[in-house]
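What follows is a set of notes on a single structure, which appears directly below.
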Amino acid sequence: MTYKAIQLSKRPSADITPDIFETVELETPALEEGQFLVKQTYMSLDPAMRTWLNPREDSYMPPVQVGEVMRSYGVGEVVQSRNANFPVGARVLGTTGWAEYVLGNEEMQVVDSSIDPEALLSVFYVTGLTAYVGLISIGRPKAGETILISGAAGSVGSLAGQIAKAEGLRVVGTAGSEEKCRWLEDELGFDKAINYKSDDLAAQLDEACPNGIDLFFENTGGPIQQLAYERMNRFGRILVCGMIAEYNFEKPAPGPNWMDINLKGLRVEGFVVPDHLDKAQEATEALAKYVQNGQIRFRSHVLDGLESAVEGVNLLFNGGNQGKLLVKL
């Protein structure tokens, strides 16, 4: 039996363009003892994919190599198995790839088949763990503080904001359209959402954060970074989750001067989920409680068919996605 997969055919020079991928037909492998085969049903498209395409060996994950199937996270069903821990019919969650079928690995998790797969990928897996670890473990928020979240309408930013609200913070977010700002305020309960494309961004930020900023959850880079940095309170924390506005830059934009880090006693910390997998159980339990209490909502933007990923992934970078970006296979 053959199946479709999408391989990296060359590295991007800047933007992710369709010509860097190639759709191929592969043979399903004969299973060896301990192996299992997964039919993927949903896969996640994430901003981190752009960093996986860079030939950097010093990053937190090895780059996807030319000729390899593009990496992703996904949900699927075990259809063949020679591993008692992953029986046929089990739903599994883990690192997959842009492919209709994937060879399973021991790092995959068997998950309750009654849980909506969109919820699994939008709240309870890497996205939720990222938001929770960044805010709670690294940010150590205190009720009454003010948090600013860039890319707040994104999958991670929207969860981080709702968790912060549940923990008693004043929550301000930036997003790229008036519709997204209304969603953040009216549906998710943000205290204020600002369109970062506004001409008076600095003035709006001053109005939204009259007592300064205690935590800055950074997802984007771009002009908001300097504006947030200038408004950080003493002992503020800057949580560097992503830089989606700058992943395609050949040369990184200059960062803020370090003087305020010194004089204000700021803490700036970058983080990636693979370094915090020991928090997965804690995060899952906490997220489940927020959901049960009605404190977390999410929306998914679902594309149809494997090959929709080739052009669809750029919705992440042009702001075209309305919620967690997924592909249904």
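The values are calculated or read from the model by the stated rules, or taken from the named source; none is laboratory data. For clarity, every value in this text was computed on a predicted model and none was experimentally measured. Cβ coordinates were reconstructed from backbone atoms using ideal geometry, including for glycine residues, and neighbour counts include every protein chain displayed.
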Check: Among the listed residues VAL78, VAL64, VAL92, which satisfies the condition of being crowded, with 19+ Cβ neighbours inside 10 Å, in contact with an Asp or Glu (Cβ under 8 Å, 6 or more places away or on another chain) and more than 30 Å from PHE190 (Cα to Cα)?
Finding: VAL92
Margin query: Against the condition out of contact with any helix residue (DSSP H, G or I) (no Cβ under 9 Å at 6 or more places or on another chain), of a type in the set (A, V, I, L, M), within 27 Å of VAL102 (Cβ to Cβ) and modelled with pLDDT of 95 or more, how does LEU306 come out, does it pass?
Written below: yes
Next item on the list: For the stretch 99-138, enumerate the residues that are outside any helix (DSSP H, G or I) and under 21 Å from the mean Cα position of the chain (by Cα).
Entry: ALA99, GLU107, MET108, GLN109, VAL111, ILE115, ASP116, TYR125
Next item on the list: Scan the stretch 229-276 for residues that are part of a helix (DSSP H, G or I) and without any contact (Cβ under 8 Å) to a residue 12 or more places away in the chain and report the count.
Entry: 4
Notebook entry, point to check: Got a number for residues in the stretch 236-292 being over 26 Å from GLY168 (Cα atoms), surrounded by 15 or more Cβ atoms within 10 Å (Cβ to Cβ) and modelled with pLDDT of 95 or more?
Noted result: 1
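Per-residue answers, yes or no, for (1) farther than 26 Å from SER308 by Cβ; (2) without any contact (Cβ under 8 Å) to a residue 60 or more places away in the chain; (3) surrounded by fewer than 23 Cβ atoms within 10 Å (Cβ to Cβ):
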site: GLY97; (1), (2), (3): no, no, yes
site: GLU107; (1), (2), (3): yes, yes, yes
site: SER114; (1), (2), (3): yes, yes, yes
site: TYR125; (1), (2), (3): no, no, no
site: GLY134; (1), (2), (3): yes, no, no
site: ARG140; (1), (2), (3): yes, no, yes
site: GLY144; (1), (2), (3): yes, yes, yes
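For every residue, the table says whether it meets (1) touching a His at 6+ places or on another chain (Cβ under 7 Å); (2) exposed (fewer than 13 other Cβ atoms within 10 Å of the Cβ); (3) closer than 16 Å to GLY67 by Cα; (4) not charged (D, E, K, R).
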position	(1), (2), (3), (4)
GLN7	no, no, yes, yes
ASP19	no, yes, yes, no
GLU22	no, no, yes, no
GLU25	no, yes, yes, no
THR28	no, no, no, yes
